[in-house]
Structures are given as structure tokens and as C-alpha cells.
1. Which chymotrypsin sites (Phe, Trp or Tyr not before Pro) in region 507-591 pass both tests, a DSSP loop state and at most 16 other beta-carbon atoms within 10 Å?
2. Rounded to the nearest 0.05, what FRET efficiency do residue 278 and residue 237 give with R0 = 56 Å and r taken as the Cβ-Cβ distance? Could you check?
3. When only C-alpha pairs under 8 Å and at least 6 residues apart count, what is the relative contact order of region 465-589, in percent?
4. Starting from the 7 Å offset along Cα-to-Cβ, what nm value, one decimal, do you get for the label separation of residue 367 and residue 380?
5. How about region 458-549: which trypsin sites (Lys or Arg not before Pro) there lie in a loop by DSSP and see at most 16 other Cβ atoms within 10 Å?
6. Taking N as the number of residues in region 465-589, what is its Cα Rg relative to 2.2 N^0.38 Å?
7. In the structure shown, do any of 135/177; 135/182; 33/135 have a Cα-Cα gap over 21 Å, and if so which?
8. To the nearest 0.05, what FRET efficiency results for residue 21 and residue 440 with a Förster distance of 56 Å applied to their C-beta separation?
Amino acid sequence: MRKQEPRLQFTDEERSDPVLQHSVKKAEKAVKKADAAQARIPKKKTVVKERTVDPATGKTSVRLRFEEVDKKKPPSKLTHVVKDAPANTVVGAVHRKVRESEQDNVGVEAAHKTEEAAEGATRLIAQAHHAHKLKPYRTSARAEHRLEKANVEVLYRRSLQETPELASNPLSRWQQKQAIKKQYAAAKRTGDAAASGTKAAQATAKGAGKAAEEAGKAASFFVRHKRGFLIAIGFALILALLLNTLSSCSVLFQGVLSGISSTTYPSEDGDMLGAEAAYTAMEAELQYELDNYEHLHPDYDEYHFDLDEIGHDPYVLISILTAYHGGPWILSEVQGTLQMLFDRQYILTETVETETRYRTETEIGERHAQDPYTGEYLYDEWGYPIIEEYEYDVEVPYTYYICTVELENFNLSHLPIYIMGQEQLEMYAAYISTYGNRPDLFPESEYPGVSMRGDYTDYEIPPEALEDEVFAAMITEAEKYLGYPYVWGGSSPSTSFDCSGFVSWVINHSGWNVGRLGAQGLLNICTRVSSANARPGDLIFFQGTYDTSGASHVGIYVGNNTMIHCGDPISYANINTSYWQNHFLAFGRLP
């Protein structure tokens, strides 16, 4: 089981600091989730001996009591395999003998296949049971991993405040964050994680300064020898042009072959179909748990569910696996990657709240009996009061448990930007844009979620807004691609689009010529306008939608708090939701 991450402590000033506020809130939320996951790990009972000595007699007595503690290790699959190995060996030998006799006896062959199928189903049930027992440990490990990332982010933001000179360029920031990660790992082992941010900042400052100094020297050298550099570059270009002219036909032919080869899935069909089946099986297990949540978790009085839909695009899955592993793979090699992708795509959160409520209970009391007509108290023949029983109602408090279950589907197609390097992302974009040159691998009739135009939210733009000819041209072009899937790096209808590729394409076909720009590049060519002055045709920018500085997402504002953008798929969206408001950066007007 994963070791618990340190629980950082924050001051009120840090919680209210605009720079630290968001990362601190995420860290504190991650702590709650990690603690809740830890609490769900099964308990085991241990016997504790308590010895007491009677001071008067000097006698020693021993008392036993039970304590519940966390199980330190999850149930091992190895012991299960070892236990079953002898039986499996015998069964295998029997099956081999039976197969030898099948050749001449159709009845024996049919019965034997039925028996093997039953045994296979039994093994699958046993494996599923074991996987269910492991689930609390996997959930706890994932929660601790998310807490680690949240802690590092807080320490990184804190160090930027303490050493602002390192925040001047992306290289310094990257070096600083890597140093913080190393310092955090070292400090975690000594229980001093809270100090790791400052240490990392100090450790990085010297390196960043040296890097800047070396870059300055290189630039100065180029300026002093600019003429020589330009002459050398010119000769190199002429030589390249001559060589290119002589071999143009060969290069063209090789380029076509290379392009087809580099965008074709290199793995075997059986492995790719097996990976898709394994991922679908994990989704089916999750769906079963949600469908039967109240039965599987019967400890609560009331349940609320806020669930995203479960599903993925098989071409996205296979493209991620191929790019992530850098080439061909077999099913056994990607089991861990499938689990990692599943854990990142589906985030299941259970929140339990309690209320003190009251219920009416009837109790029995005693009182001195009275005559119902005169009201006089009654006595027996010896003069003792006659006692009678009566019923009365009381309000009794009790704890009422309310369970809220949330499932976030992060969307598999959004994960590459978080788990891949630049080269892997380029491979992924190439595979997904061509469907790996295997459009037959996942036919639409069998895989309804296959890459195609997806369902999208439409919006009817008011006629008066379309009186602006430039804006009308933008919308005419943009709406051609409603429902197109999100493809990282995509910038044309043939490859589909990512957010900035979609906006760049639309404006380049509506009167501008800005080339292919990223979200921050588009913001740089715009003039910022206030929300009150934003009008249809302006661009709208967001930040922090993934781990990058500056603008990370862009859409086209169409008025009435609505934008058209490349989400997944390209669609209209309301910008007044909490998500978009939390990430809003600016409106920008094109030149």
C-alpha cells in the first residue's frame, strides 16, 4: 500500500492569497479524499494484553481486549495462485488426456468444451472477487498520489512568491519545479515536507542564473559574428536546394510511404481488440457498482448521485496506447497503462454528511390512578395509592447519514496533454487523425462511440447579431464543424481540431490571415476588452484548464454568455457555469 503523504498546514493568509488560494484549496480537498479513502481500508482485530497490579495485594492480573487496526497490506494475489497451482496442474493434465480422445468422439469433445467454459467462468469470478478486495487499497493509493501532486503544486507556488526572480522565464520555472519535486521526495522521508518548497527554490536559483548567463554569452557571440553566420547559412540553404532538386521524386515517394507507415497502428488486431475489451470490462464493473451502490454500500439513510456518463472512444484508447508506448505493443504489456488511464478518466468521490434528526417513540409510564368522573385519586382497601400504566410520546434524537456519490468522466481524449511528452503528442495526433489507417477496426455498428461527429449542444444566434457581416462569416465557417471530435494538435477539417486550431482555422477563413496560433498566441494579437464591452466575434480565453502558464483554452464569443469552442466535440457552451467562470482569463478583440 502507498505510504501516506505529509499533511501540510496552511495559514489564513495563504488561504486568502490570490496566488496560493486555488492550490491550497486543492491540497486541502485532496487531504480529505485521502483520509476518506484510508478510512475505507478493511480493518483487522488484534489482541492487546493489559497488565495491572493491585497495590494492596501485589497481585498481577491480565486482561485481553481487541483493537481494530488497518490492514497494512492488501490481499496478495500470489498466495491465491500458489494455493491453486497443484489443482490447476492436475486439471491441465486431465484436459490434455481428454483432448487426445476427442479426435474420434464428437460427444466427448462437446462435453469437454462445455466443462472448460465452466471452469473458465469460475476462474473469472474468483479473479473479480480478488480485484474487488483490492479496490480500497487502489483507491487509497490514487488519493495519496493526487495529494502528492497537490502538495508539490502548493510548494511550487509558494516558492515563486519567495523567489520571484526565478519566475522570469519558462526554463527557470521548469527547473524550479523539478527541484521542488526532488526536495519534496527527500523531505517526505524525514517528515519535513513543509520545508521542501523553500529548499528547492534556493537550490534552483543558482542553476537558473547560470543558464541565463550562458544564454546571454551565446547571443553576444552570434551578434559579434553575425555576418559569418549568415554566409554559412546561405551556403547551407543552396546546397540543400540542389540536393533536394536532384532527389525530389525519390523523396516524394519515400515521404508518401513514410507518412502512411508512421500513421498506421503497428500492433496486432488481437492485442488492440483485447485492450479495448479489457477497458470496456473495467467500465462495466464501474457501471455495476453505480447501479447497485445502495445495495453494495447499505450504511447510509439517503443517497444522492451526480454522475457523468461512462464511455470512451476506442480509437482514442488505441492511439494513446500506441503513442504512449512508442510503437507496437502486446496486451500483457499495457495492462498497467490501461489501469492508469482508467483511474485518470473516472474519478469517483463519496461524500458523507450527517444530520441530527428526531423520531417519535412511545414509552410506558406509571401514575396515581384517578376517578375519571370526579378526578379524585384512588386508593386500595389498605389505603395504598392505586398505580396505573399509561403511554406517552417522546422525541428521540438520532444520526441521519446522507451519502453523495459523484463520478467525473474526465474524457479520455483530454488525457494525452497530461501524460505525454511533445514527441508522443505528435504521434497521438497523427494516429487519431487517420484512425491508424484502420477505419475497419472498430466499425460503427459494433462500437457506437467510435470516432465520428458526436452529439453537440446547438444554439440559435439572434438575427440582429448576424447583421455584422464579419461575425456572420465566422459563424458560417465555425458551424460547419459542429460535432467534430477534439484532436490534440489538430488544425484542419481533415485532422479535426484542438481549441486553438479550430479558432485559427475559422478566423483564417473569415477575413484574417494569422497562421496557426496557440491560445496564448491568439491572445497576444488581440486587444483585451472588458466583459461588459464584449461583443459577438470577440475571442474568449481561459487559463488553468491544464498545467500551462497563460491562456490554455480559447473559444469564439457569440453573445448572451455563450461561446462556440472545440471541447469534445466542437459545440456551443454556456460560459456562466462554475467551471468556465473559475478559469476565465479575458475577452480579446481581433485586429
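1. Sparse-neighbourhood loop chymotrypsin sites (Phe, Trp or Tyr not before Pro): 512, 546.
2. That pair, residue 278 with residue 237, gives E of 0.65.
3. Relative contact order for region 465-589 comes out at 26 percent.
4. Inter-label distance under the simple model: 2.1 nm.
5. Sites meeting the loop and neighbour criteria: 516.
6. 0.95
7. With Cα atoms farther than 21 Å apart: 135/177; 135/182.
8. 0.65
Only the coordinates and a few stated rules stand behind these numbers; no lab work does. These figures come from a predicted structure and were not determined experimentally. Methodologically, a virtual Cβ is constructed for each residue, glycine included, from the backbone with ideal geometry; neighbour enumeration extends over all protein chains shown.
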